Each structure stands twice: as structure tokens, then as C-alpha cells.
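Everything on this sheet refers to the single structure shown next.
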Amino acid sequence: MNQDLVLQNLKRFDELLNKQSSNLLETIFNEPVEITIDDTKPFDIENVRALVGQHALRVDIMIPKKNNGFIYLAKDSLLPELSEYLKTRGKNSPQVPDSMQLLLDVAEQISMIKKQCFEEVGNIQVEFNSPGILEWAGNIDKNFNESFVSVYRIKIGKQSTFSFLRILPPVILTSYFEQITHEDNDMSAQAENFEEFSDSTVNVDAQQSIDFIHDLELLVSVELGRISMPLKDMLALGPGSIVELNKFAGEPVEVYVNNKKFAEGEVVVIDQNFAVRITSLITKQERFASLNG
């Protein structure tokens, strides 16, 4: 593996990836987002354990053609409820934590950004599987041998900076980042005149960098109310049964986007169809509370 070439191409890829990922997160949380990479170096298990501990959250975004892909590790204290759920395989939890769905949604959208970055940086077509989340127990698997580890740091608004690791196995590095060719690899250098860009051009580019997420499909659902009941009571339900919900008549209904609460509203009727009129959006504080599980 040509390590210098791989790191050079990886740096270009990461610069574009971080820029577009920041734009995505800023759109989601309505707060400034800063993503930086401290270092990229060969995998060392002791350094990894020193950064994330003996147990950590692991997110895999795999490329099916290679049966391998991007592996992320983060301290389990970042999302303790999710970590506990994974350790016990859900035995102590009545339902999947909200933080797990949030993490899956973000990882899914980051995968789409990665796909676009591969196309822009190297004109490479890459498809990703749906992301997977599991508990890492500090062990070394075959994907880690001769891998490269990058240390990411993210700051959202005024929240504390948190970090995580990205592990790229050698099969991904050689199959994709070693194959990228561009003019910078030419040893000859020529002077070039660059046109000056106006502020309007910069604004257009900034807008275009997030335009590609506008067509993302999101699941929007409206919750009138909810209730828990024993299995025997549920099996006894039939036509004409009445299920009493935990809300009073006239209370606002809750609007969810990808299973995350987004707003509250009131039920209205438009042309004989039910609809919801938005009355309030959740606050920024509530957005970050959901991020922490």
C-alpha cells in the first residue's frame, strides 16, 4: 500500500466529508457544528483502548462488495442508555432507546454523504449497507489488522466537545483511496491563474452543499396518545372495544419525524381529510436531550 498516497487522498475525502456532515448536523440541530480530525495513524490496540476504554459503542457502515467498511468506536458513556441496552441485549429495557434510532438515522444520512464524496473526489461509485450498532468489548477482529485510525472531535453549539474513532481496514484503503488519481499527483507544477470569486458565488456554493439532502425521505407520524396494557387485555380486544388513551380531549397531538418528537399540533379537518396544524416546535434544548438518549 502506498501509504503517502492513501493518506493524501483520505485527507481530501475527509475535508469534503466533514464540511457536508457539518452542514447536515447544523440543519438537524439548528446550531453551529464543528468537526475536526486530530490525527490519522496505524491501528494500535492500546491507543484505541486508551481513547474509548475496554467497552465502547461500535457503528459499522459496510460496503457489501468488500464485506468491510467504515468502523466507528465511541465511549459508551456518550450514550449510556444505548450502551446498557446493547450489553443486556434489551432484556432490561421495555423498548429500543430513542438514542439508538437517532444514531441509526444520522449514520444512514452520513452514508449518503460518503457516497457523494467518493463520487466527487475520485469518481468512484460506492454502495453502503444499512448501518449496524453493537457493543465493542475491547477485542481485536481481523478488520483491525493494518488499519488506520482517525480521531474525530465534534462540537455542537455550546455543548461539550465529544470524540470518537474511525477505523478504516486495509482492504478499503487500497480498494478506494489508493485508486484515486488527481492532478495533484503529477510531479510537474505549473502556474495557474484563478478567477476571483464574489460573495454571491460563495453563498451559492454553500447552499448547494446541503441541497442534496432536501430530497431525503423522512417518516412523519402523528401520535394521538399511547397506553400500556397486559397481553391478555390486548388479546381480548375486538370490534367495538374502546381503548382509553393517556390524554384528555383537546390536548395537542405530538408530531414525530423518524420517531423523534419534532412538534405539537391540533387535529383539523380539510376537505373531509384529517390533518394536523402545527402549534409549536420542540426547543433546541429538547433536541440535544434526545441526542443524549
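The values are calculated or read from the model by the stated rules, or taken from the named source; none is laboratory data. In this text the structure is predicted, and so the values were computed from the model without any measurement. Ideal geometry is used to build each Cβ from the backbone, glycine not excepted, and the neighbour counts take in all protein chains shown.
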- Task: Examine segment 135-155 for a residue that is touching a residue at least 40 places away in the same chain (Cβ under 8 Å), in a loop (DSSP other than H, G, I, E, B) and over 23 Å from M1 (Cα atoms), and state whether such a residue exists.
- Result: yes
- Query: Name the pairs whose Cβ atoms lie under 8 Å apart, with the first residue in segment 103-116 and within 15 Å of T27 (Cβ to Cβ), the second of a type outside the set (A, V, I, L, M) and part of a helix (DSSP H, G or I), and 6 or more positions between them or separate chains?
  - Reply: I110/S21; I113/Q20; I113/S21
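I'd like to know if segment 41-49 contains one or more residues that are under 24 Å from N259 (Cβ atoms) and either of a type outside the set (A, V, I, L, M, F, W, C) or assigned to a strand (DSSP E or B) (or both).
Looking through segment 41-49, none of the residues is under 24 Å from N259 (Cβ atoms) and either of a type outside the set (A, V, I, L, M, F, W, C) or assigned to a strand (DSSP E or B) (or both).
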- Query: Say we look at segment 274-291 and pick out the residues that are among the small types (G, A, S) and at pLDDT 85 or above; which of these is surrounded by the most Cβ atoms within 10 Å (Cβ to Cβ)?
  - Reply: A275
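With in contact with a helix residue (DSSP H, G or I) (Cβ under 6 Å, 6 or more places away or on another chain) and part of a helix (DSSP H, G or I) as the only criterion, which of L82, L25, L104 stands out? Let's see the steps before the verdict.
Numbers: L25 fails: in contact with a helix residue (DSSP H, G or I) (Cβ under 6 Å, 6 or more places away or on another chain); L104 fails: in contact with a helix residue (DSSP H, G or I) (Cβ under 6 Å, 6 or more places away or on another chain).
One residue alone meets the criteria, L82.
For (1) at pLDDT below 85; (2) touching a helix residue (DSSP H, G or I) at 6+ places or on another chain (Cβ under 9 Å); (3) of a type in the set (F, W, Y), each residue gets a yes or a no:
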position	(1), (2), (3)
E146	yes, yes, no
I156	no, yes, no
F164	no, yes, yes
L173	no, yes, no
I180	yes, yes, no
D184	yes, yes, no
E192	yes, no, no
E196	yes, no, no
- Those residues of segment 156-167 which are surrounded by fewer than 19 Cβ atoms within 10 Å (Cβ to Cβ) and assigned to a strand (DSSP E or B) amount to F162, S163
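Under the condition of being part of a loop (DSSP other than H, G, I, E, B) and in contact (Cβ under 8 Å) with a residue 12 or more places away in the chain, which residue from segment 52-73 is surrounded by the most Cβ atoms within 10 Å (Cβ to Cβ)? Explain how you work it out, then say what you get.
Narrowing segment 52-73 to residues part of a loop (DSSP other than H, G, I, E, B): 53-55, 64-67.
Of the ones still in play, those that are also in contact (Cβ under 8 Å) with a residue 12 or more places away in the chain are 53-55, 64-66.
Values: G53: 15, Q54: 10, H55: 17, P64: 10, K65: 10, K66: 13.
Per the stated criteria, the residue is H55.
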- Hits in segment 223-273 - residues which are surrounded by 11 or more Cβ atoms within 10 Å (Cβ to Cβ), of a type in the set (D, E, K, R) and under 26 Å from I28 (Cβ atoms): E223, E254, K260, K261, E264, E266
- Message: I'm checking my understanding of the structure. Among residues of segment 201-249 that are in contact with a Lys or Arg (Cβ under 9 Å, 6 or more places away or on another chain) and either hydrophobic (A, V, I, L, M, F, W, C) or at pLDDT 65 or above (or both), which one is farthest from F274 (Cα to Cα)?
- Response: N246
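Of all residues being in contact with a strand residue (DSSP E or B) (Cβ under 7 Å, 6 or more places away or on another chain) and aliphatic (A, V, I, L, M) in segment 25-47, which is surrounded by the most Cβ atoms within 10 Å (Cβ to Cβ)? Just the residue, please.
L25
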